[in-house]
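Trainee: Quick one: structure below, then a few questions.
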Amino acid sequence: MSTQATSAPLDKELQDEFNPFLAMAKRFDIAADHLDLDQGLRDVLRTPDRELTVSVPVLMDDKRIRVYTGYRVQHNFVLGPCKGGIRFAPDVHLDEVRALAAWMTWKCSVVGLPFGGGKGGVICDPREMSAGELERLTRRYTANIMDILGPDRDVPAPDVNTNDQTMAWIMDTYSMHVRSTQTAVVTGKPLSLGGSLGRREATGRGVMLTAREALKRLGMRPEDTKVVVQGSGNVGGIGAMLMHREGYTITSMSDQYGAIHNDKGLDVPKVLEFLAEKGRLTGFPDADEVPNASQVEIECDVLVPAAVENAITSRNVDRVKTKLIVEGANGPTTYQADKVLDERGVMVVPDILANAGGVTVSYFEWVQDRMGYFWTEEVVNSRLEQIMVRAFDEVDEVAKRYDVSLRLGAYIHAIDRVATVYRLRGTFA
Ligand code: NAD
């Protein structure tokens, strides 16, 4: 679990506040109460459909065998095959994989994709492994979970410390076992291997689109709007660039080393060039340096936390001065901070909606692979826009109908969709 701005041990209360599984469970319970879901259905939707733990023996470069532990959790298949990333990290834990799998069920449901949620991981430290060791680990892990994988069963994607090369190895291993090329078994692949145009920018684009829709509700215009973006990677960097192109004034950006700030606006293309060249933002001319911990406290109209979990918490929420928060990262706002923001009337576009652009274009990749026909970037972007705008409208409508925040509206909408389909399908016996 990443925690912002603290390295001291956390007391029990803060540990609970920072626990992503508890954060999701709290929001699930409130949404289920609003929907008046019966206990049986709540139990179905809370419990993962399937959890697989595998041991993964790998021949290391020094010819010794090391055994790693891998997981794949399929939270719910009611809407379709499971969808969700695979991470390689020393702190992978079954509880966390479970929570992330459930999160994916709600995210796919909120944007109306025909997928359930899944997540996987292997406990390992990729920084200490050679490319050959990582390839052998990936292939053996894939072989060990392949009975539950497949374009119609479960479709993984990259996550922490995995990338398009990892997906190419998974696709190849799966294909060799089934004796036919099955590009649709994973998404986030290289373009030459069945990847989709527009996938790299998709999450940032979704952030830009949902920010635009929220701004309309608030009666604000991009050209009068100051934006602070936490993170400069795939989501934050691309999100900031796309918002800059739409006329927003991006006043602050950050990376893991620190934040930069210029209230008159940053030249985002130059900032990203500087970052690519120097490997960090600090030192960028024409901007002040700000410690990461206080970046979210910079006064602005829109705050886009797009880096880490638990960026806005009970500890700093009182100092957050913004009108709108668009959650590019997963879980950047804690449940306790939510309540304060709600009371203060700060609009929050929740992660399961704001960053769903990525999984939406992953869905497009899966569709294109199954058709064997690839779309232009314009087609990808315009279909992404249609889906994100429709999802925003639907969540906004549900939030108004139940008189709740957009976050609860998103959970109610997502859970209701899965519950409705579950009732239609019935309980298989
Ligand atoms: P990334 O690795 O490309 O970028 C992360 C950025 O955050 C980097 O610029 C890094 O320097 C910065 N950072 C790290 N610690 C920081 C700190 N304490 N303060 C400020 N900046 C810090 O990762 P990403 O793909 O952009 O993902 C960011 C978040 O978005 C994660 O929560 C991820 O789960 C979520 N997300 C990503 C996608 C996607 O498609 N990439 C989709 C959905 C959700």
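Rule-based calculations on the coordinates, nothing more; no lab input. Computed from a predicted model, the values in this text were never measured in an experiment. Glycine gets a Cβ as well: all are built from the backbone with ideal geometry, and neighbour counts include every protein chain shown.
Trainee: For the chain, what is the calculated [θ] at 222 nm in deg cm²/dmol (nearest 500), taking -39500 (n - 2.57) for each run of four or more DSSP H residues and dividing by its residue count?
Mentor: Taken over the chain, the calculation gives -14500 deg cm²/dmol.
Trainee: Here's a follow-up. Starting with the highest mean, order 106-117, 67-78, 255-266 by the number of other Cβ atoms within 10 Å, averaged over the residues of each peptide. If you can, show how the numbers build up before the last one.
Mentor: Details: 106-117: 24.7, 67-78: 22.1, 255-266: 17.6.
Per-residue Cβ counts within 10 Å, averaged per peptide and sorted highest first, yield 106-117, 67-78, 255-266.
Trainee: Report the charge-dipole magnitude of the range 117-159 in Debye, nearest 20, computed about the Cα centre from +1 at each Lys and Arg Cβ and -1 at each Asp and Glu Cβ.
Mentor: 40 debye
Trainee: Based on the mean of other beta carbon atoms within 10 Å per residue, what is the order of 211-220, 325-334, 387-396, most packed first?
Mentor: 325-334, 387-396, 211-220
Trainee: Quick one: which of LYS107/LYS339; LYS107/LYS400; LYS26/LYS107 span more than 18 angstrom between C-alpha atoms?
Mentor: Pairs exceeding 18 Å: LYS107/LYS339; LYS107/LYS400.
Trainee: Next up: Count the DSSP beta bridges whose two residues both fall in the range 8-134, then state the antiparallel fraction as a percent rounded to the nearest 5.
Mentor: Within the range 8-134, antiparallel bridges account for around 75 percent of the total.
Trainee: Also, I was wondering about something else. LYS226: which lysines have alpha carbons under 16 Å from its alpha carbon, excluding same-chain residues fewer than 8 sequence positions away?
Mentor: Here the lysines satisfying the reach criterion relative to LYS226 are LYS216, LYS264, LYS321, LYS323.
Trainee: Which FRET efficiency value, to the nearest 0.05, is calculated for HIS93 and LYS216 with the Förster distance at 35 angstrom and r the Cβ-Cβ distance?
Mentor: 0.30
Trainee: How many nm separate the modelled label positions at ALA25 and ARG64, each set 7 Å beyond the Cα in the direction of the Cβ?
Mentor: Placing both labels 7 Å beyond Cα along the Cβ direction yields 3.8 nm.
Trainee: Give the peptides 298-307, 237-246 in descending order of average Cβ contacts within 10 Å, highest first.
Mentor: Ranked by mean Cβ neighbours within 10 Å, highest first: 298-307, 237-246.
Trainee: Which residue fluctuates the most in the chain, going by a Gaussian network model with Cα springs under 10 Å, if the choices are SER180, SER232, SER252?
Mentor: SER180
Trainee: Sticking with this one: Compute, for the range 38-115, the length of the dipole vector about the Cα centre, with Cβ point charges of +1 (Lys, Arg) and -1 (Asp, Glu) only. Units Debye, rounded to 20.
Mentor: Dipole about the Cα centre, nearest 20: 180 debye.
Trainee: Dipole of the chain, Cα-centred, from +1 at each Lys and Arg C-beta and -1 at each Asp and Glu C-beta, to the nearest 20 debye? Present the calculation step by step, with values, prior to reporting the outcome.
Mentor: On the way: 50 positive and 60 negative charges, 203 e Å.
For this selection, approximately 980 debye.
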